[in-house]
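Worksheet for the structure shown next.
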Amino acid sequence: GDVRDLEGRRVLVSTGGTREPLDPVRYLGNRSSGKQGLALAEAAAVRGAQVTLVAANLALPVPEGITVVPVQTALELQAEISGRAGEHDVVVMVAAVADFRPAEYTESKIKKTHDPADPDAAPTIRLVRNPDILAGLVADRGAASAPVIVGFAAETGDATGSVLDLGRAKLARKGCDLLVVNEVGTDKTFGADETSVHVLSRGSDDVVDIGPASKSVVSHGIWDVVVGSALIR
Ligand code: C5P
């Protein structure tokens, strides 16, 4: 397209999936490919924004003109995002952030026989909670109107509610301005090229449905909502 409606705007996007190390060779990770966040960053750049992409373990090439900040863990991602948020007009948290990390990092590789007294025993891994980065951004912003904060949620409907009900509850809990909900459990999300999403806005009952379409088309649809919402000052 030839829409330059993000000209001069500064956009910060997180993408990929965090890895929480156990020892020098092992980590707890997730299946996020980073494609959706990368597509959002590219779409913003095409529309004229100055884009910084905080990329957790992204294995995809990033077009020239987008500033990439590589990170590995949730704590690194938090440091890079929260340190930069104040200089941006919009922050979009697409990254799949591990909710937990191993309580201890073992400096040398954990051995198969880690307890000589019981050679067949398996180790127990204790986990601790990671911070909720998105909720932290909202708290840090306080009463200020900038940056606009957009969250993502991958939901499966269950007995307790539909995907949209769960999305509404999450939007209220996190306090962000917009929440992009995608339905998982189909083959259409993690690593896939086509997706469909529902965009929820705080303080409105309206839902914008986008897709099924390519992640690029979906990304432009999301930027249409952000620009059209008049949230950017
Ligand atoms: O609660 P849930 O993980 O479903 O929320 C997803 C949203 O919250 C995404 O925008 C994700 O980037 C963000 N998130 C975060 N910090 C966490 C977990 C998720 O910022 N520890």
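Key figures for this structure:
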| quantity | calculated |
| --- | --- |
| Cβ-based net charge around I125, under 15 Å, with every Lys or Arg adding one and every Asp or Glu removing one | +3 |
| About the Cα centre, charge dipole magnitude for the chain (Lys/Arg +1, Asp/Glu -1 at Cβ), debye | 360 |
| Positive-end extreme of charge dipole, the stretch 53-155 - chosen from S82, A117, A55 (charges on Cβ) | A117 |
| Cross-link reach list, aspartates and glutamates versus K215, counting only Cα pairs under 15 Å and skipping chain neighbours closer than eight places | E42, E183, D187, D193, E194, D224 |
| Calculated FRET value between E7 and E64, using beta carbons and R₀ = 25 Å, to 0.05 | 0.85 |
| A230-S82 FRET efficiency (beta carbon distance; Förster radius 30 Å; 0.05 resolution) | 0.75 |
| Derived scalar couplings ³J(HN,Hα) [the stretch 147-153; Karplus, 6.51 cos²θ - 1.76 cosθ + 1.60; whole Hz; x for Gly, Pro] | x, 5, 10, 10, x, 10, 8 |
| Computed FRET value (nearest 0.05) for R173 with S108, which takes r as the C-beta separation and R₀ as 25 Å | 0.05 |
| Phi to ³J(HN,Hα) by Karplus 6.51 cos²θ - 1.76 cosθ + 1.60 over the stretch 41-52, Hz, x for Gly, Pro | 5, 5, 5, 5, 5, 4, 8, x, 6, 8, 10, 10 |
| Calculated [θ] (222 nm, deg cm²/dmol) that DSSP helices of n ≥ 4 give over the chain, each run adding -39,500 (n - 2.57) | -7500 deg cm²/dmol |
| Most mobile of A55, A143, A95 in a GNM of the chain (Cα contacts under 10 Å) | A143 |
| Choice from L60, L134, L200 showing the highest fluctuation, given a GNM over the chain with Cα pairs closer than 10 Å | L60 |
| Highest-fluctuation residue, D165, D89, D132 considered, GNM on the chain with Cα pairs under 10 Å | D165 |
| GluC sites (Glu not before Pro) within the stretch 48-125: DSSP coil, no more than 12 neighbouring Cβ in 10 Å | E64, E104, E107 |
| Cα-centre dipole for the stretch 84-199 with unit charges at Cβ (Lys and Arg positive, Asp and Glu negative), debye to 20 | 300 |
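All of the numbers you see were taken from the coordinates with simple rules; none came from a lab. The model shown is predicted, which means the values in this text are computed figures rather than measured ones. We place every Cβ from the backbone using ideal geometry, glycine too, and count neighbours over all the protein chains shown.
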